[in-house]
């Protein structure tokens, strides 16, 4: 719908759409501009007060003799010394911009309106993310404001080919979503695929921000394996851009979605690159071992206990002296549920009380449970090791996938012994083999398809000057005659 010439008609339409007369925070400031009635529409709390006062002083001091015709364009070109200003003839554009925090100026007799981007959102500072702490390195994490996030990333990527394309998703929420990539590095087909999927989203709102968006982009399925990596660190996002990944930033959330990814992207951490190569490689191997033990240790111990009589002498220590009142299989299931209950309780517990909760759950309950015969020390020990392995996993989403697969492995091993154990292992491998990331990228790269250089990069934290490799699935579609660029830290 286009703007009418009469200001009263425009205000009546906007009142019906925005609820100017009902919502206290939708402000309509009426003034005179060149002896004509005018209205300044904005959302209280979004507009910068000092800029608003500055604009009003200019508008109220205009000489009517100089502004008899084409007031809107003369104001924009000669009188309003502001950078982010545009004109529009659409009522829908005014609604969107006002709700986004901009200032709309409507003047009686004019069929255009001025839009000034004077918004400032309530925001916290760029603090270090709790989930991705490092002992050395940058402490500025992403925030809930999309402009701050793009600025933090662009500060690290001063490449003229860096692109941040903004789209609006959600019929009612009108959420800003940014697709970021480096134009001559990222795969253009993947970039276009993401943009097409964003255009096709038909929903009222993105309730869970980037997590809701992930299910629209990657599809709806019950596969627990994460197919997008999230980070709240600007340096990690910048590093992935240099490698050829695409990032998706959703307003109101500090997490950035990285696409496409493989299983090994969830095993690396920025800490690896803030240490020297030997230490970084050691940390990476320890982390891989911890993640593998978290998945396999409790079910494997449960299986070996079943064959305790035929184990070699060096494995005779496996298995309890006394079974206890509850079967071992049930003990592991109870402990699995107990760890999850403790984790959920810690999320809902104030920070000042989390230490007390950990002492009660980890020490007091387990000790008394052993004393009264619920559990034996071995089951508590192996589940504790599995729990530590979960927390050693850099990605929460991937650690929860390990948790689901371990539970499946435990149940099948407890019920069907050897057949259940190996059947579950095969089942998990089939899921890994058939899982695809964005664009059909193999989840098990560089193992399948095998890539020797890629596998060496994954297993070893090489010195930065020696890393001259970019995965094949991240190279541009067009033939690139230039040598591969450096891989940068993840």
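The values are calculated or read from the model by the stated rules, or taken from the named source; none is laboratory data. The structure presented is a predicted model; accordingly, all values stated were derived computationally and were not measured. Here the Cβ positions follow ideal geometry from the backbone for every residue, glycine too, while neighbour counts run over all protein chains shown.
Is it the case, given these coordinates, that residue 168 is out of contact with any strand residue (DSSP E or B) (no Cβ under 6 Å at 6 or more places or on another chain), closer than 16 Å to residue 217 by Cβ and assigned to a strand (DSSP E or B)? Answer is yes for this residue. Residues that are closer than 21 Å to residue 7 by Cβ and either in contact (Cβ under 8 Å) with a residue 12 or more places away in the chain or buried (at least 16 other Cβ atoms within 10 Å of the Cβ) (or both) within the stretch 67-82 comprise 67, 68, 71, 72, 73, 74, 75, 76, 79, 80, listed in sequence order. Residues in the stretch 25-49 that are out of contact with any strand residue (DSSP E or B) (no Cβ under 7 Å at 6 or more places or on another chain), closer than 17 Å to residue 102 by Cα and loosely packed, with under 13 Cβ neighbours inside 10 Å: 45, 49. Screening the candidates 166, 153 for the property of being in contact (Cβ under 8 Å) with a residue 60 or more places away in the chain, assigned by TED's automatic domain parsing to the domain that holds residue 235 and within 15 Å of residue 257 (Cα to Cα) yields one hit, 153. Scanning the stretch 5-25 for residues that are part of a loop (DSSP other than H, G, I, E, B) and over 14 Å from residue 37 (Cα atoms) yields 19, 20, 21, 22, 23, 24, 25.
For the stretch 185-217, which residues satisfy the criterion of being in contact with a strand residue (DSSP E or B) (Cβ under 9 Å, 6 or more places away or on another chain), under 25 Å from residue 143 (Cβ atoms) and either in contact (Cβ under 8 Å) with a residue 60 or more places away in the chain or not in a helix (DSSP H, G or I) (or both)? Residues satisfying the conditions are 186, 194, 201, 203, 205, 206, 209, 217.
Each row is one residue, and each column tells you yes or no for (1) modelled with pLDDT of 90 or more; (2) under 24 Å from residue 119 (Cβ atoms); (3) not assigned by TED's automatic domain parsing to the domain that holds residue 91.
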{"site": "15", "(1), (2), (3)": "yes, yes, no"}
{"site": "20", "(1), (2), (3)": "yes, yes, no"}
{"site": "33", "(1), (2), (3)": "no, yes, no"}
{"site": "42", "(1), (2), (3)": "yes, yes, no"}
{"site": "45", "(1), (2), (3)": "no, yes, no"}
{"site": "51", "(1), (2), (3)": "no, yes, no"}
{"site": "58", "(1), (2), (3)": "no, yes, no"}
{"site": "67", "(1), (2), (3)": "no, no, no"}
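Criterion applied to 344, 323 was being more than 26 Å from residue 238 (Cα to Cα), more than 23 Å from the chain's Cα centre (by Cα) and loosely packed, with under 15 Cβ neighbours inside 10 Å, and the one residue passing it is 323. The selection criterion, being within 24 Å of residue 385 (Cβ to Cβ), touching a residue at least 24 places away in the same chain (Cβ under 8 Å) and either part of a helix (DSSP H, G or I) or not assigned by TED's automatic domain parsing to the domain that holds residue 432 (or both), does not hold for residue 242.
A Cβ distance below 6 Å, combined with a sequence gap of six or more or placement on separate chains, defines the contacts here; from the stretch 433-460, residues that are closer than 17 Å to residue 281 by Cβ reach residues that are in a helix (DSSP H, G or I) in the pairs 446/454; 446/455; 458/264; 460/281. Here residue 394 clears all of (1) assigned to a loop (DSSP other than H, G, I, E, B); (2) at pLDDT below 90 except the condition numbered (2).
If you check 344, 402 for being in a helix (DSSP H, G or I), at pLDDT 90 or above and closer than 25 Å to residue 230 by Cβ, only one passes: 402.
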